[in-house]
Amino acid sequence: MELSDSFTVACPIDETWALLSEPERVARCFPGAHLTEVVGDDHHGVVNVRLGVLAARFTGQVRFEPDLDRHRIIVKAGGDGNQGRAEAHITARLEALSDDQTQVNVDADLQLEGRLAQLGRGIITEVSSALTAQFGDNLAASSTAERVLGPDAFAHPRSVAMPEPDALDLLDTARRPIMKRLVPLAGLVTLVVWLLRDRRSGR
């Protein structure tokens, strides 16, 4: 399944690049995710999600492939869990909108197996869009914080001391954008029904 989205960060392009080049910071900004270990270029971690009463825990690894000349980062991720398997190939391209505004364009090829694959493209698209926006907000909020680790910290295998966040609630994440679309529609339907009733009562 191919998905595309974008978000804007209120930082210069070089600063945004620096933020996205820190895997620990990226993990902290992604809902439900945390890293457990770094071995060379491979970052091992866990993503916890909830789907109603269904809880899923995916354990896997992520590899970052930065291309500074093109301001592009390729992320390859895969994980297995108690509810199936998930794989993602993500390309993030940075575009300077101004001296202090950067747009991050995200293209993802997502493969799901198991219970989560039954959500359907519509729900998955809504969840992806909401998560992209939330990730962008979290990244922007982290831009004023100190960098999590220096560049030399990635040279050797090590564990990562990162608290495990709350599980990502997929239904709640999807419900909010869907409700935003349904509320105007419900208002329109109510107006049409009221007009029809008023017209009939005037006969």
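Throughout, read-outs are computed from the coordinates displayed, never taken from laboratory work. Small disclaimer: the values here were computed from a predicted structure and weren't measured.
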Per-bin percent of Cα-Cα distances, region 6-56 [5 Å]: 4, 16, 20, 20, 15, 14, 7, 3, 1
Extension reserve of the Ala18-Glu65 stretch, reckoned as 0.36 nm per residue once the Cα distance is removed: 15.6 nm
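Run the numbers for Asp99 and Arg57: contour at 0.36 nm per residue of separation, minus the present Cα-Cα distance, in nm.
Values: separation 42, 0.36 × 42 = 15.12 nm, distance 4.04 nm.
Taking Asp99 through Arg57 to full extension adds about 11.1 nm, to one decimal.
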Theoretical gain in end-to-end length, Ser4 to Asp107 [0.36 nm per residue, Cα-Cα removed]: 36.6 nm
